[in-house]
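The structure under discussion appears below in the form of structure tokens.
The values are calculated or read from the model by the stated rules, or taken from the named source; none is laboratory data. Bear in mind that the values here come from a model prediction, so they are computed numbers and not experimental data. Heads up, the Cβs are rebuilt from the backbone with ideal geometry, glycines too, and the neighbour counts pull from every protein chain shown.
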Amino acid sequence: MFLRSRNLLFVCILVVAGMAVAAAQESFSLEHKFEKGRTYHYTATANSRVTQEMGGQEMRVAIEAWFVPQIVLENVTPEGSLVLVYAADSARSHIKAPNMDSTMTMTNLIGKRTRITVTPKGEVVKREVIDTAKSDRLMSGVGLRELVRLPRLAAGPVRIGDKWNATQLDTNDVGGGKIVTTTNLAYTLVGQEKVQGHNCLKVTYTGASTTAGKGSMMGMELFVEGTGKSSGTLLFDPAGGILVRNDAKTESETTMAATGQQNMTIPISAVTETSFRLKE
């Protein structure tokens, strides 16, 4: 009897071990999917701490922003890319600086639509403004930014422990010029987790970036260069093809050189934490 029980226990251990191995070997093909006729809402927050030095004086600025972005699938191209329309249901920010402490509702952004064409793997093919947002010269590119950045997904099937890399270019129009940020990202599929009723894959990522560009402001030419690093964790529903959460932290060191009426060099350090949550 004892021997029979021990044999049964041994069989159970083998079954459990076999299930664990099978789970570890399970592969996933990742693609972004959106349903036609459905509106996807997120809650998005961004908290930045910026330190800059100008004329020998240091200035610290804290910026908090809260958005409720929405995404709608407008069309699917013959090549299979997703044509998405982004807009903000609400947008407000709080800025605290030595000479101001103010909370503002960004009415110039609310309801303004941007069309993004993106592949199922998350590579942006095209951006275009549908509704132009009123903004000052330094913020002239704000209408081109999507409020929820879709992660770049692995080109082929992946298993727990697998890694993949991606490079993304981000161009901002600033004062009649352009500033380009190039980010190299390394993703790792680390496990599975159930969140908000979704069976998600948990992916961690790190990134290194470089920034370079030029523009103009108040008669002065501006030249910008810098480096940065980022890290984060995202949760992705592979069955639904939808981003459920994404939390990230970015640190950057940038130098802005101004020439013209005045010549100066302004070092800028920034730490930004962002969070995105799918609203069911």
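If I filter the range 105-135 down to residues being under 29 Å from A155 (Cα atoms) and of a type in the set (V, I, T), which single residue comes out as modelled with the lowest pLDDT? Among those residues, the one meeting the criterion is V129.
The residue pairs whose first member lies in the range 229-258 and is within 15 Å of E193 (Cα to Cα), whose second member is crowded, with 18+ Cβ neighbours inside 10 Å and basic (K, R), and whose beta carbons are closer than 7 Å, counting only pairs six or more residues apart or on different chains, are L234/R245; L235/R245; R245/R277. Restricting V76, V125, V118, V85 to those that are in contact (Cβ under 8 Å) with a residue 60 or more places away in the chain and not charged (D, E, K, R) reduces the list to V118. Checking each residue in the range 70-89 for being touching a strand residue (DSSP E or B) at 6+ places or on another chain (Cβ under 7 Å), surrounded by fewer than 16 Cβ atoms within 10 Å (Cβ to Cβ) and of a type outside the set (D, E, K, R) picks out N75, V76, T77. Within this structure, G191 fails the test of being in a loop (DSSP other than H, G, I, E, B), surrounded by fewer than 18 Cβ atoms within 10 Å (Cβ to Cβ), at pLDDT 95 or above and not acidic (D, E).
Against the list (1) in contact with a Leu (Cβ under 8 Å, 6 or more places away or on another chain); (2) of a type outside the set (A, V, I, L, M, F, W, C); (3) buried (at least 18 other Cβ atoms within 10 Å of the Cβ), the condition K163 fails is (3).
Has the range 93-101 got any residue that is among the aliphatic types (A, V, I, L, M), in contact with a strand residue (DSSP E or B) (Cβ under 9 Å, 6 or more places away or on another chain) and closer than 21 Å to D247 by Cα? No, there is no match, as no residue in the range 93-101 is among the aliphatic types (A, V, I, L, M), in contact with a strand residue (DSSP E or B) (Cβ under 9 Å, 6 or more places away or on another chain) and closer than 21 Å to D247 by Cα. Answer with yes or no whether L30 is surrounded by 12 or more Cβ atoms within 10 Å (Cβ to Cβ), at negative phi, modelled with pLDDT of 85 or more and part of a strand (DSSP E or B). No.
What tally of residues in the range 159-189 results from selecting those that are of a type outside the set (D, E, K, R) and more than 30 Å from S29 (Cβ to Cβ)?
Looking only at that region, the number is 8.
State yes or no: is F223 modelled with pLDDT of 90 or more, closer than 30 Å to S29 by Cα and aromatic (F, W, Y)? Criteria not met by F223.
I want to confirm something. Restricting to the range 194-217 and keeping residues that are surrounded by 15 or more Cβ atoms within 10 Å (Cβ to Cβ) and among the basic types (K, R), which single residue is nearest to the chain's Cα centre (by Cα)? Result: K202.
Restricting to the range 90-119, what's the tally of residues that are in contact with a Leu (Cβ under 6 Å, 6 or more places away or on another chain) and over 30 Å from E79 (Cα atoms)?
1
Among the residues here, L185 does not qualify as closer than 20 Å to V125 by Cβ, of a type in the set (A, V, I, L, M), part of a strand (DSSP E or B) and modelled with pLDDT under 95. The condition of being surrounded by fewer than 16 Cβ atoms within 10 Å (Cβ to Cβ) and on the phi > 0 side of the Ramachandran plot holds for only one of G122, G111, that being G111.
For the range 69-99, the set of residues classified as under 20 Å from L153 (Cβ atoms) and over 17 Å from the mean Cα position of the chain (by Cα) consists of L73, V76, T77, E79, G80, S81, L82, V83, listed by residue number.
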